[in-house]
1. Per DSSP H run of n ≥ 4, the term is -39500 (n - 2.57); total these for the chain, divide by its residue number, and report the mean residue ellipticity at 222 nm rounded to 500 deg cm²/dmol.
2. What dipole magnitude, in Debye to the nearest 20, does segment 95-167 give about its Cα centre under +1 on Lys/Arg Cβ and -1 on Asp/Glu Cβ?
3. Place the peptides 130-138, 77-85 in order of packing, highest mean first, counting for every residue the other Cβ atoms within 10 Å and averaging per peptide.
4. With both bridge residues required to lie in the chain, what share of the DSSP beta bridges run antiparallel, to the nearest 5%?
5. Once you order the gyration tensor axes a ≥ b ≥ c over the Cα atoms, which shape class does segment 128-247 get: rounded for a/c under 1.5, otherwise prolate or oblate by comparing a/b with b/c?
6. For segment 63-134 and segment 176-222, write down the distance between their C-alpha centroids in whole Å.
7. Against the longest principal axis of the chain, how steep is helix 123-136, in degrees 0 to 90 to the nearest 10, with axes from Cα atoms?
8. So if we plug the beta-carbon distance of residue 96 and residue 120 into 1/(1 + (r/R0)^6) with R0 = 30 Å, what FRET efficiency do we get, rounded to 0.05?
Amino acid sequence: MNQPTLYNKEEIVVIRNLKKSFGTNHVLDDFNLTVHKGENVVVLGRSGSGKSVLIKCLVRLLEADDGEMKVFGMSIPDLSHKALDDIRARIGFLFQSSALYDSMTVLENLEFPLRRHKLRITRQEVDKLVKLALENVGLSGTESMMPSELSGGMKKRIGIARMLILNPEVMLYDEPTTGLDPITGREINHLMLEVQEKYNTSSIIISHDMNCVRRTANRVVVLLNGKCYAEGTYEDLKTSNDKNIKQFFD
């Protein structure tokens, strides 16, 4: 299990009074969260509670209705499109489905972020970055494979490799172990911890997989009724007598 760590006090992500509704459904209602440098924070909640909406608002894949969101001290809602692209280059996002492009090889999928952000690097430098990213996730030699040839666990690893290729400082994981068998799930959990240790990343991990929560979280936040209902270490929350918290651990 990932043990609590003494963190750099630097606040990398700050969310205050975040609100997001879809019609009359108030998904996020004055939600608050701070993530420090080098910290893995798991946001735990029931299906449909707004966990994925939270991180999509953070990178403005969805527009929040109200509230403050700062990453690296910069206000996300106030950024121009150019400034937002620059911030997104420093944030890795692993979608629940891995979101690989079916018509592209592994190599082309990993090259895409480099082209998307128009980095001026040589072909040799691109190949070096792709090779290193694949080595980091244990999938060297898969450059020519198509997504249809990959297992679910391999797709997750390639998704993480695509995140790593821009050397992000913040990682956003949306249900990283959903749909995986227990052994592959443990391997992905271990890979996430390796990334945290090697790159000193700050991560928000969206999950309702309690094995993932237990193994990866330095701190757990319970999202309930749109708010940060409770937070603490896994062990803190596991021993809580609050029925709203106990439901996740029973």
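Readers should treat all values here as calculations from the given coordinates under stated rules, not as data from a laboratory. The model shown is predicted, which means the values in this text are computed figures rather than measured ones. Note that we place each Cβ from the backbone using ideal geometry, even for glycine, and neighbour counts take in every protein chain shown.
1. For the chain, the value works out to -10500 deg cm²/dmol.
2. 300 debye
3. Most protected by this proxy first, the peptides run 130-138, 77-85.
4. The antiparallel proportion sits near 55 percent.
5. In terms of gyration-tensor shape, prolate.
6. Value for the Cα centre distance between the two parts: 20 Å.
7. Computed tilt is about 50 degrees.
8. It comes out at approximately 0.40.
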